[in-house]
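What follows is a set of notes on a single structure, which appears directly below.
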Amino acid sequence: MPRQRHLLGLRWGDMDAYRHVNNVELMRLLEEARVRAFGSASGDGGDPMITTGMVVARHEVDYVAPLDYRTAPVAVDLWVDRVGGASFRVGYEVCEPEPSAVGEPRTYARATSTMVTYDFAARRPRRLGDGERAHLAALHDTPPAATPPAPEGAAG
């Protein structure tokens with residue numbers, strides 16, 4: 001399956017006053033999954049994409065359910081669903097590693113990041129290379145069917 005699953009631990013300090021993982025820390029989980037996905041050599045054995053230059057241009061996050069602190073890891077599924085000339089979009093789903101006892105996955109957040117390959121010396125975007133395109137193609141998948149969050153005031 002092209003999407004990658006990363007099991008990531010939570011830290012006690014990730015919790016906010018509401019006793020769930022703070023939204024800023026959720027972005028840290030997405031970043032960690034992205035670094036793991038793009039920190040390895042590209043398809044042609046070239047340098048990892050995070051060292052050849054890429055920046056975040058946009059994040060979108062849908063918070064589906066509160067993620068409470070626990071010692072067990074949380075799963076962050078990552079895939080690429082769109083590739084352009086100098087950019088690509090990464091999709092994520094933060095969820096339980098295993099389905100619940102009733103067989104349904106528990107999803108905490110769905111997100112996307114638009115990434116732009118960047119030439120830091122020239123201070124401008126650059127085109128994706130062939131090895132980078134191969135790396136992205138290996139991660140290509142479509143987003144999962146979205147389950148909308150419960151309406152406000154609904155029991156949950």
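What to note about this one:
- Every pair of residues 6+ apart whose Cβ atoms lie under 8 Å, when the first sits in segment 112-138 and is without any contact (Cβ under 8 Å) to a residue 12 or more places away in the chain while the second is outside any helix (DSSP H, G or I): ARG124/TYR118
- Residue within segment 5-14 that is under 14 Å from ALA138 (Cα atoms) and open to solvent by 20 Å² or more (accessible area, probe 1.4 Å) present: yes
- Matching option when the condition is touching a strand residue (DSSP E or B) at 6+ places or on another chain (Cβ under 7 Å), modelled with pLDDT of 90 or more and among the basic types (Lys, Arg), among ARG34, ARG11: ARG34
- Test result for ALA155, in a loop (DSSP other than H, G, I, E, B), out of contact with any Lys or Arg (no Cβ under 6 Å at 6 or more places or on another chain) and at pLDDT below 95: yes
- Selection of segment 16-25 for residues being modelled with pLDDT of 90 or more and in contact with a Leu (Cβ under 7 Å, 6 or more places away or on another chain) yields only VAL21.
- Residue match in segment 85-102 (condition: touching a Ser or Thr at 6+ places or on another chain (Cβ under 9 Å), of a type in the set (Asp, Glu) and modelled with pLDDT of 90 or more): yes
- Under the condition of being in contact with a Lys or Arg (Cβ under 8 Å, 6 or more places away or on another chain) and at pLDDT 95 or above, the residues counted in segment 37-59 number 0.
- Filtered residue count, segment 1-29, keeping only those that are in contact (Cβ under 8 Å) with a residue 40 or more places away in the chain, of a type in the set (A, V, I, L, M, F, W, C) and more than 16 Å from GLU93 (Cβ to Cβ): 3
- If you check VAL94, VAL61, VAL35, VAL76 for being out of contact with any Pro (no Cβ under 6 Å at 6 or more places or on another chain), under 14 Å from THR114 (Cα atoms) and not in a loop (DSSP other than H, G, I, E, B), only one passes: VAL61.
- Count of residues meeting criterion [within 16 Å of VAL55 (Cβ to Cβ), touching an Asp or Glu at 6+ places or on another chain (Cβ under 9 Å) and open to solvent by 50 Å² or more (accessible area, probe 1.4 Å)] in segment 94-125: 1
- Candidate set: segment 60-80, residues that are among the acidic types (Asp, Glu) and modelled with pLDDT of 95 or more; chosen: the one least open to solvent (accessible area, probe 1.4 Å): ASP77
The values are calculated or read from the model by the stated rules, or taken from the named source; none is laboratory data. Note that this is a predicted model, so its numbers are computed, not measured. All Cβ positions, glycine included, derive from the backbone under ideal geometry; neighbour counts span all protein chains shown. Only protein heavy atoms, including side chains, enter the accessible area calculation; ligands, DNA and RNA are left aside. Shrake-Rupley method; radii C 1.70, N 1.55, O 1.52, S 1.80 Å.
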